[in-house]
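Reviewing the structure listed below.
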Amino acid sequence: MLLNDYMNEHFPQLILRPPLFYNGEIGIRFELGSDNYYEENNYMQEVYQRAITLFESLHFQDEEIFIVVDVNDFGDSKTYKHKARIFSPYIRSRSLLYTLKHTEMSYIFPEDNEEGKCKTNRFTLQCKVSDVKYIPLLKALCNQGLGIQPNIIHRIYFINIKRKTIFHIYDDRGCDLLATSSESIRDIYFTYNDWILDYDRDEIDKVFK
């Protein structure tokens, strides 16, 4: 199955880029960390716990997913090649990495690419959730920009093929969840309602109420 075919069928109007929540029709934006920056260790533990809990609520071990990684190239076409190794520490089977697909695209933010030098390299891996060491992967995504190692600066999207959901952690502050149907994520909306970002709560409530 090709990612583009899947997206065209189930998310035909969606451009897969941030801010994901504002690009989709049905979604939830969750807050991962509170504003208590004075207790850094407690803050990051809360961020990790929420990210892992949401991921596990959305993805069962035997379910098929796409993992999509966007790597931006700002002019040196050779820089993207080693970036494919981003998958290696987080995939249990090395042989699975041979199925990794790469697509070179126009820069995902065309409004910032007036000279046309920038490109986006999209790497896609189809696998089962059980193939992924997702806990350290989620933590690395949450660590970006904080000076904590390991961290991943590239955008990663988890697409649940059967449930038709897209999960994206943008940094330690929060994450976006999109779906093709409000019913498919209604239980997530009610179970983790306290984690919904208050700034977008009114718009989110309209979808589910």
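Could you work out the mean projected area of the convex hull around the alpha carbons of the chain, in square nanometres to one decimal?
Result: a mean projected hull area of 12.2 nm².
At 222 nm, what helix-only mean residue ellipticity would the chain give, in deg cm²/dmol to the nearest 500, using -39500 (n - 2.57) for each DSSP H run of four or more?
So the helix-based figure for the chain works out to -7500 deg cm²/dmol.
Measure off, as a whole percent, the carbon and sulfur share of the 1.4 Å-probe accessible area of the chain, all protein chains present.
Answer for the chain is 47 percent, counting heavy atoms of protein chains only.
Summing Lys, Arg as +1 and Asp, Glu as -1, what charge do residues with Cβ under 14 Å from the Cβ of T191 carry, T191 excluded?
-1
When all protein chains stay in place, what accessible area (Å², nearest 10, 1.4 Å probe) is found for K206?
Ignoring ligands and nucleic acids, K206 comes out at about 140 Å².
List the pair-distance distribution P(r) of the range 160-209, using every Cα-Cα distance, as the percent of pairs falling in each 5 Å bin from 0 up to the bin containing the longest distance, rounded to whole percents.
P(r) for the range 160-209, in whole percents per bin: 4, 18, 30, 29, 14, 4, 0.
The values are calculated or read from the model by the stated rules, or taken from the named source; none is laboratory data. These numbers come from a predicted model, not from an experiment. Methodologically, a virtual Cβ is constructed for each residue, glycine included, from the backbone with ideal geometry; neighbour enumeration extends over all protein chains shown. Accessible surface is based on the protein model in full, side chains and every heavy atom, while ligands, DNA and RNA are left aside. Shrake-Rupley method; radii C 1.70, N 1.55, O 1.52, S 1.80 Å.
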